[in-house]
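Peer 1: One structure follows; several queries about it will come next.
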Amino acid sequence: MTAIEASAAAGSSTFDRLGLLAAGVAISGLALGPFATLKPNRILDGAPVSLFAALSPPVAAAVMLLAAAAAIVVALRTPALLRLLAGLAVAAALLIALGTAPSHLVARDDMLARIGPGWGFWLAFLAFALVASDAIVRLRLRPLMRVAALALVLAGAGALFASGALDDLSLLKEYAPRAQAFWSEARTHLLLSFGSVAAALTLGVPLGLACHFSPRFEGPALGFLTAIQTIPSIALFALLIAPLGWLAANLPSASAVGISGVGIAPAFVALTLYALLPVVAGVASALASTPRDAVEAARASGMTERQALLLVKAPLAAPRLLASLRVTLVQTIGLATVAALIGAGGFGTFVFQGMGQTAIDLVLLGAVPTVALAFAASVALDAAAEAAAR
Amino acid sequence: MIAIERLSKRYGETAAVADVSLEIAEGESLAIVGSSGSGKSTLLKTINRLVEPSAGRVVVDGEDVSTVAPHLLRRRIGYVMQGAGLFPHRTAFENISTTPRLLRWEEPRIRARVDELLTLLGLDPATYGPRKPHELSGGEQQRVGVARALAAEPRVLLMDEPFGALDPAVRAKAQVDLAALRKRLGLTIVLVTHDMDEAARLGDRIAVMHRGRLLQQGTPAEIFSRPATPEVAALVASDDRPFRLLALGSVRDLVEPGSAAGDPVAVEATLRGALGALLWSRRDAAPVVGAGGEALGIVTLKRLIEAGAEPKA
């Protein structure tokens with residue numbers, strides 16, 4: 001090996017490409033970008049505030065030192081567990097530091113001013129979050145451990161919010177007066193998304209089985225469900241107002257259980273219809289993907305069609321089934337936001353209120369938990385699919 | 001006994017099997033040989049109703065199989081497929097116990113049967129029972145597949161290119177093991193293969209199929225020495241046909257009185273082995289001895305060479 005080759009090999013093994021990029025982005029974000037934005041009130045545009053202006057000097061110096069140390073750790077080739085801890089530590093430290101910005105920047109009696117994160121903060125926060133999630137992938141955790149890691153991160157974030165350290169930030173200032181509404185909309189959102197996916201499973205699994213056993217049925221059924229999928233969501237909500245309103249007006253028992261033209265009923269029906277296509281297509285294609293040999297062996301061993309389905313096809317199709325359930329659930333959690341438009345509630349309520357008031361922090365109050373919910377559901381079902389594949 | 005009577009199977013316009021009749025006696029082993037597309041697998045699968053015939057019928061032990069529910073029929077007929085076809089999500093033990101469980105055997109009986117079969121096939125039950133198929137070699141998977149087919153003590157075993165996915169050395173060993181297994185269990189075997197050597201080694205009789213038709217059936221020696229049609233001739237024709245033919249005969253058939261010098265050959269040896277021994281030691285004749293070493297006469301090079309020649313018309 002020549003000296004040049006040796007130094008090239010040493011160079012490529014010293015640095016971690018993703019880590020180097022993330023460290024560069026994070027440090028330049030903190031050094032050059034605004035750490036926070038200061039708005040005179042919740043509607044006006046914000047003014048950028050740099051790291052050292054936004055935080056008291058000791059806090060700012062501590063943040064910079066910690067970020068620099070962590071940047072060195074992630075830029076070099078280091079063990080995945082160390083990278084994970086570095087990423088999580090900086091992400092948490094950035095949040096806590098941002099939580100101290102309001103008391104530093106704003107007079108105690110100024111109730112109108114709003115402090116939120118600036119793009120420099122976001123760059124650094126997302127870069128280290130990316131390093132942490134990349135480290136989790138590199139750790140090759142078993143499915144159960146991944147879910148445990150997710151639960152730990154969520155519990156940590158929950159503890160941070162509950163501690164009050166972030167209470168002065170703009171997002172939580174929007175939350176504070178709406179705490180009760182927030183949790184009731186959260187319940188509605190969960191009911192809408194998980195409930196409609198459960199309904200789609202109840203209807204869709206038998207339909208998927210019918211598609212599997214009768215190719216003649218599969219074409220028209222999937223065609224019909226695809227056609228539904230092409231209707232824009234707002235149009236589908238509107239289309240359902242008329243029949244459900246008629247039902248409520250003419251059937252006393254229907255209105256008694258809460259069915260009406262607007263509100264939760266049409267949203268629930270529409271979300272269920274949207275979820276049907278991925279469920280039905282997922283069941284049919286997962287069952288079709290089971291190895292032919294195994295299915296023939298099941299028959300040849302004397303299994304009935306039903307036994308072959310339950311004992312061989314279903315367990316072999318389970319990973320794919322869970323993967324398509326994951327797509328369905330994530331799609332539905334996101335789509336449920338739109339349901340607020342017809343008065344169904346859910347996190348979308350805050351999004352549309354915020355858009356109406358041009359209050360971007362209120363929009364975020366609806367959007368952030370929606371994204372977190374979809375992310376958590378995705379990680380959990382991904383782990384379940386992998387566990388089923390073992 | 002299995003009787004296939006005037007059986008046909010059409011897929012649309014094409015006939016996969018055309019008017020085939022065959023009988024397989026109790027305890028007999030029949031090898032169905034043909035190139036791909038000859039209909040041999042289709043024919044085999046009509047016996048356990050994996051394929052339903054378009055015309056004709058299959059009778060097993062006096063019972064028309066179309067009158068038996070397919071899943072009940074298949075629980076009494078073993079089936080081995082190419083590449084073993086094990087259930088990838090189940091251990092070897094679970095794979096083998098499939099049919100006994102469907103038949104609701106008691107747990108101790110299942111355990112005893114699986115252990116017995118694994119041992120019989122040369123796999124240690126404690127080591128191999130808990131393994132998943134992906135933790136087994138091709139040959140081991142194939143043996144587990146045979147054990148699964150035999151688990152419910154069937155008297156009939158159907159084999160569809162059972163050794164097709166194995167490499168030659170493992171394959172030869174599997175063929176020897178199967179022959180021994182068959183002798184021990186007294187199985188009736190119907191085996192499908194495209195390999196004429198395999199058919200000759202494992203079949204008491206060979207049935208040759210071509211484009212859905214049965215061209216010829218007979219003992220391996222009959223097929224090799226008197227192919228009935230050009231297609232059969234093409235299947236058996238090759239440079240080593242004389243040696244294949246000699247491999248099927250025993251020295252017992254050619255013993256004549258007399259005496260000769262040198263190492264003796266055993267009366268149970270194949271003619272091919274005797275020819276090899278004579279060629280190697282540059283002799284015209286060798287003494288023949290019985291199992292106990294007693295002298296039975298001689299076998300001559302001249303008779304051996306005649307036995308390997310094309311029979312006169």
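The values are calculated or read from the model by the stated rules, or taken from the named source; none is laboratory data. Just so it is clear, the structure is predicted and the values come from calculations on it, not from any experiment. All Cβ positions, glycine included, derive from the backbone under ideal geometry; neighbour counts span all protein chains shown. Side chains included, ligands, DNA and RNA excluded: accessible areas come from the protein's heavy atoms. Shrake-Rupley method; radii C 1.70, N 1.55, O 1.52, S 1.80 Å.
Peer 1: Quick one: in segment B:293-313, of everything that is within 16 Å of residue B:242 (Cα to Cα) and among the charged types (D, E, K, R), which residue is surrounded by the fewest Cβ atoms within 10 Å (Cβ to Cβ)?
Peer 2: Of segment B:293-313, the ones within 16 Å of residue B:242 (Cα to Cα) are B:301-312.
Now narrow it down to the ones that are among the charged types (D, E, K, R): B:302-303, B:306, B:310, B:312.
Details: B:302: 11, B:303: 16, B:306: 11, B:310: 11, B:312: 4.
Across segment B:293-313, the extreme among qualifying residues is B:312.
Peer 1: Looking at (1) farther than 20 Å from residue A:341 by Cα; (2) in the same structural domain as residue A:369 (by TED's automatic domain parsing); (3) at pLDDT 80 or above, which is the one condition that is false for residue A:172?
Peer 2: (2)
Peer 1: Looking at residue B:198, is it among the acidic types (Asp, Glu) and buried (at least 20 other Cβ atoms within 10 Å of the Cβ)?
Peer 2: It is true that residue B:198 is among the acidic types (Asp, Glu) and buried (at least 20 other Cβ atoms within 10 Å of the Cβ).
Peer 1: Please specify each residue of segment A:314-336 satisfying the condition of being crowded, with 20+ Cβ neighbours inside 10 Å and either within 14 Å of another protein chain (Cβ to nearest Cβ) or among the hydroxyl-bearing types (Ser, Thr, Tyr) (or both).
Peer 2: Of everything in segment A:314-336, those that are crowded, with 20+ Cβ neighbours inside 10 Å and either within 14 Å of another protein chain (Cβ to nearest Cβ) or among the hydroxyl-bearing types (Ser, Thr, Tyr) (or both) turn out to be A:316, A:317, A:320, A:321, A:324, A:328, A:332.
Peer 1: Let me ask something additional. Just the residues that are within 10 Å of chain B (Cβ to nearest Cβ), surrounded by 17 or more Cβ atoms within 10 Å (Cβ to Cβ) and in contact (Cβ under 8 Å) with a residue 24 or more places away in the chain, please, taken from segment A:285-313.
Peer 2: A:290
Peer 1: Okay, next question. Is there any pair linking a residue in segment B:150-171 that is away from every other protein chain (no Cβ under 13 Å) to one that is surrounded by fewer than 21 Cβ atoms within 10 Å (Cβ to Cβ) and β-branched (Val, Ile, Thr), with Cβ under 9 Å and at least six apart or on different chains, and which?
Peer 2: Taking only residues 6 or more apart or on different chains, the pairs are B:163/B:170.
One line per residue, one yes/no per condition, for (1) buried (at least 17 other Cβ atoms within 10 Å of the Cβ); (2) part of a loop (DSSP other than H, G, I, E, B); (3) touching a Ser or Thr at 6+ places or on another chain (Cβ under 8 Å); (4) among the acidic types (Asp, Glu):
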| residue | (1), (2), (3), (4) |
| --- | --- |
| B:134 | no, no, no, no |
| B:159 | yes, no, no, no |
| B:169 | no, no, no, no |
| B:209 | yes, no, yes, no |
| B:224 | yes, no, no, no |
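Peer 1: Taking the conditions exactly as written (closer than 20 Å to residue A:315 by Cβ, part of a helix (DSSP H, G or I) and in contact with a helix residue (DSSP H, G or I) (Cβ under 8 Å, 6 or more places away or on another chain)), does residue B:143 satisfy them or not?
Peer 2: On the way: closer than 20 Å to residue A:315 by Cβ: no; part of a helix (DSSP H, G or I): yes; in contact with a helix residue (DSSP H, G or I) (Cβ under 8 Å, 6 or more places away or on another chain): yes.
No.
Peer 1: Right, another one. With the checklist (1) at pLDDT 90 or above; (2) over 11 Å from the mean Cα position of the chain (by Cα); (3) acidic (Asp, Glu) in hand, flag the one item residue B:160 doesn't pass.
Peer 2: Single failed check for residue B:160: (2).
Peer 1: Please specify each residue of segment B:81-125 satisfying the condition of being open to solvent by less than 10 Å² (accessible area, probe 1.4 Å) and more than 9 Å from chain A (Cβ to nearest Cβ).
Peer 2: The answer is B:92, B:96, B:97, B:100, B:110, B:114, B:117, B:118, B:123.
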